[in-house]
Amino acid sequence: MRKIWATVLGGATAGLLDILSAYASLAPRGISPLQINQFIAGAVIGPSAASAGGSTTALLGLGVHFSLTTLMAGIFVAVSQRLPTLLRYPWYSGLTYGALIYFVMNYVAVPLTAVQGWKLPHGWAIVAGLLAHCFYVGTPIAFIARAFLGEQSASRPLE
């Protein structure tokens, strides 16, 4: 049950922090939360259908986003069961995991979706995206996993 809670709460926290970060960073450029969520939905149903779908597709995008962050948390929880050191050092493991997630999302996952015309981030967008994934996704997942599973891993020897 602890693994499930670590996964659900880790995914929800990372998802909330990450999406709020996106809203805050894109609002000055005139991009609304509705458009951001529709962009995310566009990865699944294509950008035309997503932008035409209004709030329904925005909700789909939000669901996709939180499903992904929950999957990310689940992967961390599963790997931490084999490598308990991840739970002992959540700053290191969280920052590293966040960086890994950033690169996988931008260089593997998004290019394979239905998003048309995807361009890799460049310049300060790389720095901002990398920091956001490290501090808003990887680190919360690692600390929440430690909070729920840390006692179990502390009794095991380093592997």
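Every read-out reported here was derived from the displayed coordinates using simple, explicitly stated rules and does not represent laboratory data. From a predicted model like this one, the values you see are computed outputs, not experimental measurements. Using ideal geometry, Cβ is built from the backbone for each residue, glycine included, and neighbour counts are taken over all protein chains shown.
Applying 1/(1 + (r/R0)^6) with R0 = 22 Å to the Cβ-Cβ distance of ARG82 and ALA12, what FRET efficiency is obtained, to the nearest 0.05?
Numbers: r = 24 Å, r/R0 = 1.08.
My answer for the efficiency is 0.40.
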If r is the Cβ-Cβ distance from GLN116 to TYR92 and R0 is 25 Å, what FRET efficiency results, to the nearest 0.05? 0.10
Give me the one-decimal nm value for the distance between modelled label points at PHE103 and LEU59, 7 Å along each residue's Cα-to-Cβ direction. 3.9
With each pseudo-label sitting 7 Å past Cα toward Cβ, what's the ILE31-ALA52 distance in nm, one decimal? 2.3
Residue by residue through region 86-102, the couplings from Karplus 6.51 cos²θ - 1.76 cosθ + 1.60 with θ = phi - 60°, in Hz, x for Gly and Pro, are 4, 7, 6, 10, x, 5, 5, 5, x, 5, 5, 5, x, 5, 4, 4, 4
Treating each Cα of region 60-110 as an identical point scatterer and ignoring solvent, apply the Debye formula and state log10 I(q)/I(0) at q = 0.24, 0.31 Å⁻¹. -0.97, -1.18
Any idea how far apart ILE75 and ARG2 come out in nm if each label point goes 7 Å out from Cα toward Cβ? 2.4
Restricting things to alpha carbons, find the Rg to Rh ratio for region 12-55 using the Kirkwood radius for Rh. 1.01
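Under the √(5λ) rule applied to the eigenvalues of the Cα gyration tensor, what semi-axes describe the equivalent ellipsoid of the chain? Give them in Å, descending. The partial results should precede the final answer.
Numbers: eigenvalues 187, 51, 34 Å².
Those come to 31, 16, 13 Å.
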When the helices in the chain are scored as -39500 (n - 2.57) per DSSP H run of 4 or longer and the sum is shared across all residues, what 222 nm value do you end up with, to the nearest 500 deg cm²/dmol? -24000 deg cm²/dmol
